[in-house]
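One structure is given below, encoded as structure tokens.
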Amino acid sequence: QVQLVESGGGLVQAGGSLRLACAASGIIIGFNTMGWYRQAPGKQREPVATINFGAITNYADSVKGRFTISRDNAKNTVYLQMNSLKPDDTAVYYCAARRNCVDYWGQGTQVTVSS
């Protein structure tokens, strides 16, 4: 059974930083594609960053240069370092895993950026 548990969300002022963590169980993150997605109120869920089994990363244009996705295989945990946060980054952030064409999702963590 795959479980993804996010942590690290909160309230931060514009220009500040947060680091999200996603602790995974039932799946080996180093062998699968992991990602962070976000959903703002009234908007569709959108991809933020992904990292595949080869550690190749991809980012949404809106976060390039500000966010960094990484993983610690020993801890089976994926991170999202978010710097220079903007009010537009306010959303619920979800960790996701893809294995054998099946997607798994965490429960989400709220990130609120005040202006």
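The values are calculated or read from the model by the stated rules, or taken from the named source; none is laboratory data. For clarity, every value in this text was computed on a predicted model and none was experimentally measured. Note that we place each Cβ from the backbone using ideal geometry, even for glycine, and neighbour counts take in every protein chain shown. These accessible areas exclude ligands, DNA and RNA; they are computed on the full protein's heavy atoms, side chains included. Shrake-Rupley method; radii C 1.70, N 1.55, O 1.52, S 1.80 Å.
Carbon-plus-sulfur fraction of the accessible area of the chain, 1.4 Å probe, in percent?
Numbers: 3040 of 6230 Å².
Carbon-and-sulfur percentage of accessible area, whole number: 49.
Using the average count of surrounding beta-carbon atoms within 10 Å as a protection proxy, the listed peptides 4-17, 69-82 rank, highest first, as 69-82, 4-17. Taking all protein chains into account, the per residue accessible area for the chain stands at 54 Å² (1.4 Å probe). Averaging Cα coordinates gives a centre for segment 1-72 and one for segment 92-115; these two points are 7 Å apart.
Annotation: for a label point projected 7 angstrom from Cα along Cα→Cβ of residue 76, residues of segment 1-23 with backbone N closer than 18 Å are 1-7, 21-23.
Taking all C-alpha pairs of segment 1-100, those more than 20 Å from each other amount to 33 percent. For residue 64, the lysines whose Cα comes closer than 21 Å to its Cα, not counting residues fewer than 8 places off in the same chain, are 43, 86. Dipole magnitude for the chain: computed about the Cα centre from +1 point charges on Lys and Arg Cβ and -1 point charges on Asp and Glu Cβ, it is near 80 debye.
Put 45, 38, 98 in order of accessible area, highest first, and with a 1.4 Å probe you get 98, 45, 38.
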